[in-house]
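None of the figures in this text is laboratory data; all of them are computed from the coordinates on show. This one's a predicted model, so the numbers in the text were calculated from it and none came from an experiment. No Cβ is skipped: glycine too gets one built from the backbone with ideal geometry, and neighbour counts run over all protein chains shown.
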Amino acid sequence: MFCGIIKVVKNEVKDMAMTIRNNKKDFGFILGTIEDFVPEDHLVRKLEEAMDWCFIYPLVKPLYSLYGRPSIDPVILFKMIFINYTFGIHSMRKTCEEIRVNLAYRWFLGISLDEPVPNYSTWSQNYIRRYHDSKIFDQIFERIIEQGLRYDFIHTDTVFADSTHQKASANKKKHERKQVELTKKKYEDELLEEINEDRISHGKKKIDHLESEEYDFDEETGEQILVARTKEIKASLIDPDAGNYHKGEHEECFAYSHQTFCDSNGFILCHVTVPGNVHDSVSFFDAYEILNERYKVKNIVLDAGYKTPAIAREVIDHDQILYLPYTRPKGQRRETFSKKEFTYDSENDCYICPNKETLYYSSTDKRGYRIYKSDKDKCQNCPFLEQCTASKNHQKSLAVHIWQEYLDECEQRRHTEEWKKIYPLRKETIERDFGDCKENHCLRYTRIRGLKKNSHQAAIIFSVHNLKKLCLWRSKNKAYYDHIDEKEAERKKRSSNTASFS
């Protein structure tokens, strides 16, 4: 019965136009090279054209021994990691499996069909033994930036800064309570000096330390000793370098934070990796220092998390223009008078309230704020008392930072046409960069542990982001940029010949 049904089905199929190949696997021999089977518009071709990868050899040469077995080509190793992050593959094991069957990847690496693909553990062992303490990752990142500057893709007049968090490879339930020492902020010595200058000018005594510092007396010498201030934090048992991160609606987790600057075209210029519990306004200074060492910057655009007197002073004192958004005064009730409704009298160093009463200077505290206080006897019968203060003694106090003038300058700039043109670009540059890196280049989660390793990983991810953008832009006018590369090669050849002759 079944034989009869099968014959009927076969006869019906023969009458149809459908092709049946019976799942054949013996395709025969393929005459050609890998070059013939990689499409002309494939991304790996553009990556190969955009960079001369031989620059890696002199950088890593000191890391290799003159003796022993021949090593795997270092360019192949770094191209493997670029394949990993460029195409969003989430493990080196999976990357090696893809290279084994993907002709485009083999072509990019220069591995023939009959040549074995390096084992997935080869990269990790080379990293542990050679690259862990090297600067090769930052050097690759900087080389791609140099290429972008040569092509005039990167413009550093206006830069945009922000930080993004990357979830650490650590179980958030496995942690311990730990006391850690608070580190001193970079600007605290300058702040203490200016506080004392301000106090002396007002007839007050100098202070020995800021509010963030504590001192004790040595019983033997009778001198003051700086006591390290500590605080209790959640420390991961899996990845101790990761910081406990919890903000807004985000789920509490251990993470790393990447402080990043980019240009107006979305090319990432520099980055610094810190634990996830470090605030943006603290990690800003390290990245900002690197930025100024490498580039000449005119405008800096930041979000509300960076709106502090210390950052405003640092940027403006470098003769740069700072663009900040509007933020509602913190800790202020909506029904009370705002600070801008009090008029400052610079001649008498006092503030005039809406009821035309005077708030006189009282002191400069250890946080760097000048305190101005009203006459409580006059305020007691003021018709605006409920709108002015809720203090029990009916005295109004205003706290004004000694660097407040820098924030005031930024606030005035917020009403200019330049601000309206530049600040909205922030969401099209740095925010888009983070979204692209998280979605396509594995920046959402980290699969390694330790601050140094994650800093190296971030350097590779941002290098991939920049190189991908660079090679796609370059492919739009390939002949022109080939000519630029030829000129650069001739210049290097002439300089090397001159050096050898001398």
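Taking a 32 Å limit on the Cα-Cα distance, which of the listed pairs Lys174/Lys427; Lys167/Lys476; Lys46/Lys492; Lys373/Lys427; Lys184/Lys296 fall beyond it? Checking Cα-Cα distances, Lys174/Lys427; Lys167/Lys476; Lys373/Lys427 exceed 32 Å.
Estimated from helical segments only, the mean residue ellipticity of the chain at 222 nm is -12000 deg cm²/dmol, where each DSSP H run of four or more residues counts as -39500 (n - 2.57). Summarising the amide proton neighbourhood of His401: residues at separation of 5 or more, or on other chains, whose placed amide H is nearer than 5 Å comprise Arg370. 3J(HN,Hα) couplings calculated from phi for the stretch 345-351 with the Karplus curve 6.51 cos²θ - 1.76 cosθ + 1.60 (θ = phi - 60°) are, in sequence order, 9, 5, 5, 9, 6, 8, 10 Hz; Gly and Pro show x.
Using a simple spin-label model with points 7 Å from Cα along the Cα→Cβ vector, what separation in nm is obtained for Gln387 and Lys438? It is 4.3 nm.
Under 11 Å from a label point set 7 Å out along the Cα-to-Cβ vector of Glu357, the amide N atoms of the stretch 370-412 belong to 374-386, 388-389, 394-397.
Here are some values of mean projected area of the Cα convex hull in nm²: (1) 44.2; (2) 24.6; (3) 36.4. Which one was computed from this structure? Of the labelled values, this structure produces (1).
Which net charge results for the neighbourhood of Val117, defined as the other residues with beta-carbon distances under 11 angstrom from its beta-carbon, given Lys and Arg at +1 and Asp and Glu at -1? With Lys, Arg at +1 and Asp, Glu at -1, the net is -1. In this structure, the pairs whose alpha-carbon distance is over 19 Å, taken from Lys94/Lys173; Lys247/Lys420; Lys307/Lys340; Lys204/Lys330, are Lys94/Lys173; Lys247/Lys420; Lys204/Lys330. Once the Cα-Cα distance is subtracted from the 0.36 nm per residue extended length, the Glu409 to Lys173 segment shows a gain of 80.4 nm. Give me the one-decimal nm value for the distance between modelled label points at Leu113 and Lys184, 7 Å along each residue's Cα-to-Cβ direction. The two pseudo-label positions are separated by 6.7 nm.
The lysines whose alpha-carbon is closer than 25 Å to the alpha-carbon of Lys24, local same-chain residues fewer than 8 away aside, are Lys7, Lys10, Lys14. A simple packing score, the average count of other Cβ atoms within 10 Å per residue, orders the peptides 257-265, 411-419 as 257-265, 411-419, with the highest score first. Extension gain, His279 to Leu149, is 43.7 nm, computed as 0.36 nm per intervening residue step minus the present C-alpha separation.
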